[in-house]
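I have placed the structure first, in the form of structure tokens, so that the comments after it can refer back to it.
The values are calculated or read from the model by the stated rules, or taken from the named source; none is laboratory data. Because the structure is a prediction, the values reported are computed rather than measured. Cβ: placed from backbone, ideal geometry, glycine included. Neighbour counts: every protein chain shown. Heads up: the accessible areas ignore ligands, DNA and RNA and are worked out on the full protein's heavy atoms, side chains in. Shrake-Rupley method; radii C 1.70, N 1.55, O 1.52, S 1.80 Å.
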Amino acid sequence: MNLQGIQLSWSTAKADLISVEDYRRRARRKLPDMVWAYVDGGSDDLVTLDRNTSDFSKWAFQPRVLTGKEGLGMASMLGQTPIDIPVYLSPTGISGLCHHTGEVAAALAAENAGTRAVISTAASYTPEEIARATSHDHAFQLYPWANMATGARTMTESFIQRAYDNDYQSLFVTVDVPVHGNREGERKRGMGAPPTLTPGRIANAAVRPRWWINFLRHQRITARLLLDEGGAAAAVKSAQMQLRLMRPELDWDDFAWMREKWSDRPLFIKGVLHPDDAAQAVELGADGIVVSNHGGRQLDGVQSSLDALPAIVDRVGDRVPVLLDGGVRRGSDVVKALCLGATAVGIGRPYLYGLAVDGRDGVSAILNIFKQEISRTLTMLGVADIRELNRSHLVRVDGSGPSLDSSPLAIDEATTSTSVLA
């Protein structure tokens, strides 16, 4: 066997991966159909899923020339931890479906890039496993699930305590999943709740031998915080448990209770689209807002995250950091969100594409692509540092939308020093 030839071929193939979309296409070939439906799909008619990406094109840059500036200043904060780029890894459940190294690999790649990951309640590794494997403190995303047999808040409190005890420095409470979204693509391909395996779906996975071997060997396909075991049967059981634990009755009193339980560390509310909700959260002690529609995977037909961003920034952006996730595929998307007042942005699907293609190295490559694209965009805008960005750098293509002014929207240093990225 010509191993040198195989290595050269793989090196050539990796050299062709220069954008998030390149990684997306490669990931599609590597993942079974049912897994791909989970990673890349959305709810109902995919209206919001499409808006999340397409609405970035509604804004055009207004660059300034001959400024003599090179866009190298990309530093922000994660809690009280400096990070090198205004991009973090959003929480994604059961990332081990993409690659058996899952959230551990993603968190390590984030550290290597000088940023951090937000670890999902539904991660394929436990909070303890990720904490032991990493060198820095990351953030924890909380689904406030309820174990009705032991009390509505007992399970939520145990999650909070485990994250706190393992030095997760910030908590991100996801509030846009009172019930499971109608993800028809997942259901049709066997990734509904619970997952359904058929001979055809097993064969579709088996023709991807590397994925199949790692699936059988490592079995990182369950929410390990709920069910610390692997295998197809466990995956079905884990999905059924998640459905039973969802809480449509969740209200602001629950949020206030979670704020109290998280003690002295920063808490963010994730899944906000309405300015009134953002204001209410801040009044109850939220340290920041994550503008998000769950990647178009929950209620279809709502605003894109970017479209909802300016009004929320105008309402609470002078008091707390406002973060965004959803539809970010380019460094230029990151810059547009920053111009509209976001402190930083989260990426979910892009890093999963990288994870599926090449594990930890693939996630590192995705983060490096974003870093290069952000720097290039800043330089061509005539901006040296992201702190210089404001709404004057953008114009609405169709002339509609919120009025723009030239006042910077960056939060002052006193606020930013204690901000947390979702």
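Report, by residue number, each residue of the range 216-228 that is surrounded by 15 or more Cβ atoms within 10 Å (Cβ to Cβ), out of contact with any helix residue (DSSP H, G or I) (no Cβ under 6 Å at 6 or more places or on another chain) and among the aliphatic types (A, V, I, L, M). Talk me through it step by step, then tell me what you get.
Initial filter on the range 216-228 (surrounded by 15 or more Cβ atoms within 10 Å (Cβ to Cβ)): 218-227.
Filter once more, keeping what is out of contact with any helix residue (DSSP H, G or I) (no Cβ under 6 Å at 6 or more places or on another chain): 218-219, 224-225.
Listed by number, the list holds a single entry, LEU225.
With the structure loaded, tell me whether LEU389 is within 25 Å of the chain's Cα centre (by Cα) and at pLDDT 95 or above or whether it fails that test.
Working: within 25 Å of the chain's Cα centre (by Cα): yes; at pLDDT 95 or above: yes.
Against the criterion (within 25 Å of the chain's Cα centre (by Cα) and at pLDDT 95 or above), LEU389 qualifies.
Look at LEU409 and say whether it is in contact with a Cys (Cβ under 9 Å, 6 or more places away or on another chain) and at pLDDT below 95.
Numbers: in contact with a Cys (Cβ under 9 Å, 6 or more places away or on another chain): yes; at pLDDT below 95: yes.
So LEU409 fits the description; yes.
Do we have ARG330 as surrounded by fewer than 24 Cβ atoms within 10 Å (Cβ to Cβ) and under 18 Å from the mean Cα position of the chain (by Cα) here? Before the answer, list the steps.
Values: surrounded by fewer than 24 Cβ atoms within 10 Å (Cβ to Cβ): yes; under 18 Å from the mean Cα position of the chain (by Cα): yes.
For ARG330, the condition - surrounded by fewer than 24 Cβ atoms within 10 Å (Cβ to Cβ) and under 18 Å from the mean Cα position of the chain (by Cα) - is met.
Out of the residues in the range 87-97 that are β-branched (Val, Ile, Thr) and modelled with pLDDT of 95 or more, which is surrounded by the most Cβ atoms within 10 Å (Cβ to Cβ)? Before the answer, list the steps.
Within the range 87-97, the first condition is being β-branched (Val, Ile, Thr), and the residues that meet it are 87, 92, 94.
Keeping just the survivors that are modelled with pLDDT of 95 or more gives 87, 92.
On the way: VAL87: 27, THR92: 29.
Result: THR92.
Please specify each residue of the range 248-259 satisfying the condition of being outside any helix (DSSP H, G or I) and under 21 Å from TYR164 (Cβ atoms).
So the first thing to find is which residues in the range 248-259 are outside any helix (DSSP H, G or I), and the list is 248-251.
Within the range 248-259, LEU250 is the sole residue that qualifies.
Does any residue of the range 378-385 turn out to be surrounded by fewer than 21 Cβ atoms within 10 Å (Cβ to Cβ) and within 13 Å of ILE85 (Cβ to Cβ)?
Restricting attention to the range 378-385, the residues satisfying the condition of being surrounded by fewer than 21 Cβ atoms within 10 Å (Cβ to Cβ) are 379-380, 382, 384-385.
Next, from what is left, pick out any that are within 13 Å of ILE85 (Cβ to Cβ): 385.
Among the residues of the range 378-385, at least one is surrounded by fewer than 21 Cβ atoms within 10 Å (Cβ to Cβ) and within 13 Å of ILE85 (Cβ to Cβ), which makes the answer yes.
Filter the range 131-141 for residues that are surrounded by fewer than 23 Cβ atoms within 10 Å (Cβ to Cβ) and touching a residue at least 12 places away in the same chain (Cβ under 8 Å) and give the result.
Here is the first cut: in the range 131-141, the residues surrounded by fewer than 23 Cβ atoms within 10 Å (Cβ to Cβ) are 131-137.
Of everything in the range 131-141, those that are surrounded by fewer than 23 Cβ atoms within 10 Å (Cβ to Cβ) and touching a residue at least 12 places away in the same chain (Cβ under 8 Å) turn out to be ALA131, ALA133, THR134, SER135, HIS136, ASP137.
Name the residues in the range 93-135 that are under 13 Å from the mean Cα position of the chain (by Cα), in a helix (DSSP H, G or I) and charged (D, E, K, R), would you?
Of everything in the range 93-135, just one residue is under 13 Å from the mean Cα position of the chain (by Cα), in a helix (DSSP H, G or I) and charged (D, E, K, R), namely GLU103.
Can you tell me which residue within the range 16-50, out of those that are of a type in the set (Lys, Arg) and touching a helix residue (DSSP H, G or I) at 6+ places or on another chain (Cβ under 7 Å), is least open to solvent (accessible area, probe 1.4 Å)? Explain how you work it out, then say what you get.
Pass one, the range 16-50, residues of a type in the set (Lys, Arg): 24-26, 28-30.
Checking the rest, the ones that are also touching a helix residue (DSSP H, G or I) at 6+ places or on another chain (Cβ under 7 Å) come to 24, 26, 28, 30.
Values: ARG24: 76, ARG26: 35, ARG28: 81, LYS30: 56 Å².
That would be ARG26.
Pairs, please: C-beta under 7 Å, at least 6 apart or cross-chain, first residue under 16 Å from ARG29 (Cβ atoms) and open to solvent by less than 50 Å² (accessible area, probe 1.4 Å) and in the range 200-215, second small (Gly, Ala, Ser) and assigned to a helix (DSSP H, G or I)?
Pairs found: TRP211/ALA205.
Which one of HIS136, HIS180 is of a type outside the set (Asp, Glu), closer than 30 Å to ASN368 by Cα and modelled with pLDDT under 95?
Working: HIS180 fails: closer than 30 Å to ASN368 by Cα.
Being of a type outside the set (Asp, Glu), closer than 30 Å to ASN368 by Cα and modelled with pLDDT under 95 holds for just one of HIS136, HIS180, which is HIS136.
Inspect the range 310-320 for any residue being without any contact (Cβ under 8 Å) to a residue 12 or more places away in the chain, open to solvent by 10 Å² or more (accessible area, probe 1.4 Å) and either part of a helix (DSSP H, G or I) or among the polar types (S, T, N, Q) (or both) and give the result as yes or no. Please lay out each step first, then the result.
Residues of the range 310-320 that are without any contact (Cβ under 8 Å) to a residue 12 or more places away in the chain, as a first pass: none.
Checking the range 310-320: not a single residue is without any contact (Cβ under 8 Å) to a residue 12 or more places away in the chain, open to solvent by 10 Å² or more (accessible area, probe 1.4 Å) and either part of a helix (DSSP H, G or I) or among the polar types (S, T, N, Q) (or both).
All but one of (1) in a helix (DSSP H, G or I); (2) under 30 Å from ARG217 (Cα atoms); (3) in contact (Cβ under 8 Å) with a residue 60 or more places away in the chain; (4) not hydroxyl-bearing (Ser, Thr, Tyr) hold for ILE160, so report the exception by its number.
The one condition ILE160 does not meet is (2).
Go through ARG187, ARG162 for me and flag whichever is open to solvent by 30 Å² or more (accessible area, probe 1.4 Å) and out of contact with any helix residue (DSSP H, G or I) (no Cβ under 7 Å at 6 or more places or on another chain). Break it down into steps so the answer makes sense when it comes.
On the way: ARG162 fails: out of contact with any helix residue (DSSP H, G or I) (no Cβ under 7 Å at 6 or more places or on another chain).
Among ARG187, ARG162, only ARG187 is open to solvent by 30 Å² or more (accessible area, probe 1.4 Å) and out of contact with any helix residue (DSSP H, G or I) (no Cβ under 7 Å at 6 or more places or on another chain).
Filter the range 295-306 down to residues that are part of a helix (DSSP H, G or I) and either surrounded by fewer than 22 Cβ atoms within 10 Å (Cβ to Cβ) or small (Gly, Ala, Ser) (or both), then give me how many there are. Break it down into steps so the answer makes sense when it comes.
Our first condition is that a residue be part of a helix (DSSP H, G or I); within the range 295-306, this holds for 295-296, 305-306.
From what is left, the residues that are either surrounded by fewer than 22 Cβ atoms within 10 Å (Cβ to Cβ) or small (Gly, Ala, Ser) (or both) are 295-296, 305.
Total satisfying the criteria: 3.
For the range 98-125, enumerate the residues that are under 15 Å from GLN219 (Cα atoms) and either open to solvent by less than 10 Å² (accessible area, probe 1.4 Å) or modelled with pLDDT under 95 (or both).
Of the residues in the range 98-125, the ones under 15 Å from GLN219 (Cα atoms) are 98-104, 122-125.
Across the range 98-125, the qualifying residues are CYS98, GLY102, GLU103, ALA122, ALA123, SER124.
Do any helices (runs of 4 or more DSSP H) lying entirely in the range 19-70 carry at least 2 residues that are more than 18 Å from TYR351 (Cβ to Cβ), touching a strand residue (DSSP E or B) at 6+ places or on another chain (Cβ under 6 Å) and in contact (Cβ under 8 Å) with a residue 24 or more places away in the chain, and which ones are they? Outline the logic, then answer.
Details: elements: 20-30, 33-40, 47-54.
Ranges flagged: none.
May I ask you to list the residues in the range 260-277 that are assigned to a loop (DSSP other than H, G, I, E, B), within 15 Å of VAL316 (Cα to Cα) and open to solvent by 70 Å² or more (accessible area, probe 1.4 Å)?
Our first condition is that a residue be assigned to a loop (DSSP other than H, G, I, E, B); within the range 260-277, this holds for 262-266, 273-274.
Filter again for within 15 Å of VAL316 (Cα to Cα), leaving 273-274.
Of everything in the range 260-277, just one residue is assigned to a loop (DSSP other than H, G, I, E, B), within 15 Å of VAL316 (Cα to Cα) and open to solvent by 70 Å² or more (accessible area, probe 1.4 Å), namely HIS274.
Considering the range 76-92 alone, what residues qualify as being outside any strand (DSSP E or B) and either over 8 Å from the mean Cα position of the chain (by Cα) or farther than 16 Å from VAL291 by Cβ (or both)? Full working, then the answer.
Filtering the range 76-92 down to residues outside any strand (DSSP E or B) leaves 79-80, 84-86, 90-92.
Scanning the range 76-92 gives GLY79, GLN80, ASP84, ILE85, PRO86, THR92.
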